[in-house]
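Comments concern the structure below.
Each value in this text was obtained by applying a stated rule to the coordinates, not by laboratory testing. From a predicted model like this one, the values you see are computed outputs, not experimental measurements. Every residue, glycine as well, gets a Cβ built from its backbone with ideal geometry; the counts of neighbours run over all protein chains shown.
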């Protein structure tokens, strides 16, 4: 009997080994080669990939060369600097080409009609690839940004009410109060003799404060340690593709893996303290609910134990918290920083926006009712998002075979939408595509698919309205209180660390506005 049992166990073990070996071979070799052949038959080709690492080294070399030197002037022609591989390969292979991010084949797509079709028609059968999920799992986990299929659908419906209607409007008070504190801090430092400020630092702290209060109903001071750790995690995860090429590399006890897991554990420990405190208050009867903030909504949903096979557990709550911590302050802080840079270097537009804010708000603090009337400020924000979109690329993997225009997209192919290149395309925006010209947004009708800072379709950015409302309130209050010019010490050097950032920050010189003017 023992021999029979041992034989059965051996057969099972060998079967598992064969299955693992086949799945690994399929993932790292068979599927990518099948996709390559299908696309080549349709005339879609690209640079030759290297074994396991694809074109990662080629891209890294091109980006290293293009960003090794700072730009001599404030020049918005930054596609060649940030996406040099796109420019190089599109010249050789045309608008459609395939490049390899490690073992993952990605097809570049810049045709606006096909982009619109992909984002609107195929939102449920396209999403984030395994490589993307693995690269960010220690950073934001399987929160809404990285979820797919039914999980994404359920998470979207749980979180959506936090960013709609009266709930969205209720955040305006937080935004105003936090901005007043920042403006007071700036004024205090100016009174002590300082006139130059790295505005990005202030915008990062401000948006972090706002999302902390929105998400946890607590101040930035309570969440700043989490923000610091998430910033470190972001820098580590930006290098993830280099560490996922070798099969099983994510399980190696390497220095990279140890550091990133240690950071993740510390972030989640701090989050769990906040969550447990909230749960304890309900259990001992101090509070009747988990709260009206985002965390409270998530905890209430977990208590409902949603059906349909969707499990909403504490790990997912922490992943959602991390996702909105990152997305809720990082992208808006960068939008504000780049917009201040643009207004500081374009004084005529700064004056136009200031005059509009004065006319609409009439000296009052901006309210939700004022925001829709700030059309010129809205145009400036859109132009800032066009020139410096938070995300340079928008990837979507096909989970089923799909038909996209004249193209057959096989299951497993990632479609790579180079947002930055599309936003700077002279073919789509005219000869002045690389110039700051908010007037182009005076008309609300333009080709769908050419302006996609928040993606589009059902899977667009859920916090889009929150971010725009926040940006309008902060900029309107800032521009009413101070005028600003670019400091001589400012060095224009956009770089990518998941998002587009100013390498050395944005230094501006502030001057108080006379209330009588």
Could you tell me the distance between the Cα centroids of the stretch 48-82 and the stretch 162-215, to the nearest Å?
34 Å
Label point 7 Å beyond Cα of residue 314 along Cβ direction - residues of the stretch 273-292 with amide nitrogen under 13 Å:
273-280
Apply 1/(1 + (r/R0)^6) to the Cβ-Cβ distance of residue 375 and residue 95, taking R0 = 35 Å, and write down the FRET efficiency to the nearest 0.05.
0.55
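If you rank 79, 506, 497 by fewest surrounding Cβ atoms within 10 Å, what's the result?
Least crowded to most crowded, the residues run 497, 79, 506.
Let me make sure I get this right: for the stretch 392-495, a, b and c are the square roots of the gyration tensor eigenvalues over alpha carbons, sorted descending. Under 1.5 in a/c it's rounded, otherwise prolate if a/b > b/c, else oblate. Which is it?
prolate
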Taking r as the C-beta separation of residue 432 and residue 88 and R0 as 30 Å, the FRET efficiency to the nearest 0.05 is 0.75
At a 10 Å Cβ-Cβ cut-off, how would you order 215, 113, fewest neighbours first?
113, 215
Pairwise label distance in nanometres, residue 358 with residue 68, each label 7 Å out on the Cα-Cβ vector
5.0 nm
Report, to the nearest 10°, how far helix 347-361 tilts away from the longest principal axis of the Cα atoms in the chain, using its own Cα long axis and a range of 0 to 90°.
80 degrees
Measuring from the longest principal axis of the C-alpha atoms of the chain, the long axis of helix 2-25 (C-alpha) lies at a number of degrees, nearest 10, equal to 50 degrees
For residue 408 and residue 191, compute 0.36 nm times the residue count separating them, minus their Cα-Cα distance, and round to one decimal in nm.
71.8 nm
Say each of residue 400 and residue 160 gets a label point 7 Å from the Cα, pointing the same way as Cα to Cβ; how far apart are those two points in nm?
2.0 nm
Can you tell me how the chain classifies by the Cα gyration tensor, rounded, prolate or oblate, using a/c under 1.5 as the rounded cut?
oblate
Per DSSP H run of n ≥ 4, the term is -39500 (n - 2.57); total these for the chain, divide by its residue number, and report the mean residue ellipticity at 222 nm rounded to 500 deg cm²/dmol.
-17500 deg cm²/dmol
Most to least packed among 99-108, 35-44 [average Cβ atoms within 10 Å]:
99-108, 35-44
Rounded to the nearest 5, the percent of antiparallel DSSP beta bridges in the chain equals 90 percent
Among 323, 365, 207, rank each residue by its count of other Cβ atoms within 10 Å, from fewest to most, as a rough exposure measure.
365, 323, 207
Need one word for the stretch 263-373: rounded, prolate or oblate. Basis is the Cα gyration tensor (sqrt eigenvalues a ≥ b ≥ c); a/c below 1.5 gives rounded, then a/b vs b/c decides.
prolate
Burial ranking of peptide ranges 472-485, 343-356 (average Cβ count within 10 Å, highest at the top):
472-485, 343-356
If R0 is 41 Å, what FRET efficiency do you get for residue 10 and residue 37 from their C-beta distance, rounded to 0.05?
0.60
Using alpha-carbon positions, what is the distance between the centroids of the stretch 451-517 and the stretch 366-414, in Å?
18 Å
Roughly what would the spin-label model give for residue 365 and residue 351, points 7 Å off Cα along C-beta, in nm?
3.1 nm
Stretched out fully, how many nm does the piece from residue 201 to residue 280 gain, at 0.36 nm a residue minus the Cα gap?
24.9 nm
Rounded to the nearest 10 degrees, what's the angle between the helix 84-93 long axis and the longest principal axis of the chain, both from Cα atoms, 0 to 90?
60 degrees
Sorted peptide list for 452-464, 149-161, criterion being average Cβ within 10 angstrom, highest first
452-464, 149-161
